[in-house]
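The values are calculated or read from the model by the stated rules, or taken from the named source; none is laboratory data. Fair warning: this is a prediction, and the values are worked out from it, not measured in the lab. Virtual Cβ from ideal backbone geometry, glycine too; neighbours counted across all protein chains shown.
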Amino acid sequence: MFKKVILCAAAVGVSAITMVGGSVCAAAEELNVQFVPTNNDGSMEARTKPFAEYLSEKLGCDVNVTLATDYSTIVEAMASGQVDLGIMPPAAYVQARNMDAAEALLTSQLGAYDEATEQPIEGKTTSTFKGEILVKADSDMETLTDLAGKKIATLSPNSASGYIYPVAELKDAGVDPVTDCTVTTVNDIPSEITAVLNGQQDACFVFQGARYVFASKFTDYDLYKDLKVLYLTEGDIPNDAIAVTPGMDDALKTQIKDVFLNMANDEAGQEAMSMWNHTGYGEVDETAYDTIEAYTDKAAE
């Protein structure tokens with residue numbers, strides 16, 4: 001837990017903040033940071049140390065970076081004060097926000113995708129994305145309602161694209177996946193895709209662009225030829241939130257915000273952002289996150 005921050009005075013009797021290398025001079029035990037990995041093959045865990053070193057250098061205090069085991073644990077960690085800064089998936093952020101456990105400083109930017117080709121659009125970014133349902137390319141399924149009676153791989157019920165949005169829109173279409181389908185929760189998107197490719201599952205719920213992002217992990221397959229997009233959610237999902245505990249010192253909040261806003265300007269920062277496919281960060285529109293609550297309620301009915 002982030003115990004305390006002591007702002008260094010420029011001189012005795014003068015109330016000021018001393019800047020060291022562009023950072024607030026902070027005497028702190030540690031700053032605890034956590035994020036949800038997009039896959040569980042160990043590759044992201046290996047990148048936590050360089051990310052911690054990067055943040056430590058930029059913030060001028062010791063930083064620990066850990067991985068959340070799932071979407072709910074990062075919410076619990078924020079609520080209990082074990083984590084001070086979370087890179088939070090949208091539904092997890094909304095849950096923590098409603099518990100007064102998280103305050104978004106920024107929202108992430110992602111590369112935009114062409115819906116026809118599912119290739120990135122060069123130079124274009126977006127603050128929202130869509131959920132996507134993938135099936136095998138030779139599947140005879142063509143519409144959302146064709147999923148009735150099928151086996152579906154999903155992520156945690158707290159995942160916006162991996163569960164909440166596709167489930168809510170399936171229900172709107174007249175198919176209740178809980179009663180009309182066989183739903184299996186898996187740990188990460190590569191596992192979902194593998195289950196569809198090997199025939200264990202008929203479909204999986206992922207985020208738009210998943211075939212592009214994870215193509216390199218499937219050297220024996222061409223994900224664009226072996227899988228097809230059955231459906232893109234109508235609802236737009238807000239991107240990840242860079243969130244802190246509400247009681248954090250305002251000066252430190254400002255400093256953290258500045259670090260993330262400038263990540264795109266150096267190689268180490270770009271490497272850090274690539275863990276989540278972020279291209280940059282922007283100001284928060286809290287109303288965008290409000291839409292998740294309606295979808296969550298629908299999915300839970």
ask   = Ser127 versus (1) surrounded by fewer than 16 Cβ atoms within 10 Å (Cβ to Cβ); (2) on the phi < 0 side of the Ramachandran plot; (3) of a type outside the set (Val, Ile, Thr): which is the lone unmet condition?
value = (1)
inquiry  = Return the residues of region 130-173 that are surrounded by fewer than 16 Cβ atoms within 10 Å (Cβ to Cβ), farther than 20 Å from Leu227 by Cβ and touching a residue at least 40 places away in the same chain (Cβ under 8 Å); say none if nothing qualifies.
reply    = Asp172
query = Is one or more of the residues making up region 261-274 among the hydroxyl-bearing types (Ser, Thr, Tyr), closer than 30 Å to Gly81 by Cβ and without any contact (Cβ under 8 Å) to a residue 12 or more places away in the chain?
reply = yes
key: Selection status of Tyr224, surrounded by fewer than 16 Cβ atoms within 10 Å (Cβ to Cβ), of a type in the set (Phe, Trp, Tyr), assigned to a helix (DSSP H, G or I) and in contact with an Asp or Glu (Cβ under 9 Å, 6 or more places away or on another chain)   = yes
ask   = Within region 140-205, which helices (runs of 4 or more DSSP H) (wholly inside it) include 1 or more residues that are over 26 Å from the mean Cα position of the chain (by Cα)?
value = 177-180
request  = Determine which member of the set Ile256, Ile189 is farther than 17 Å from Gly111 by Cα, crowded, with 20+ Cβ neighbours inside 10 Å and in the same structural domain as Ile164 (by TED's automatic domain parsing).
outcome  = Ile189
task = Enumerate the helices (runs of 4 or more DSSP H) found wholly within region 20-116, keeping only those where 2 or more residues are charged (D, E, K, R), at pLDDT 90 or above and farther than 28 Å from Ser161 by Cα.
result = 48-59
note = Taking region 227-252 and the residues there that are outside any strand (DSSP E or B) and hydrophobic (A, V, I, L, M, F, W, C), the one that is surrounded by the fewest Cβ atoms within 10 Å (Cβ to Cβ) would be Ala251
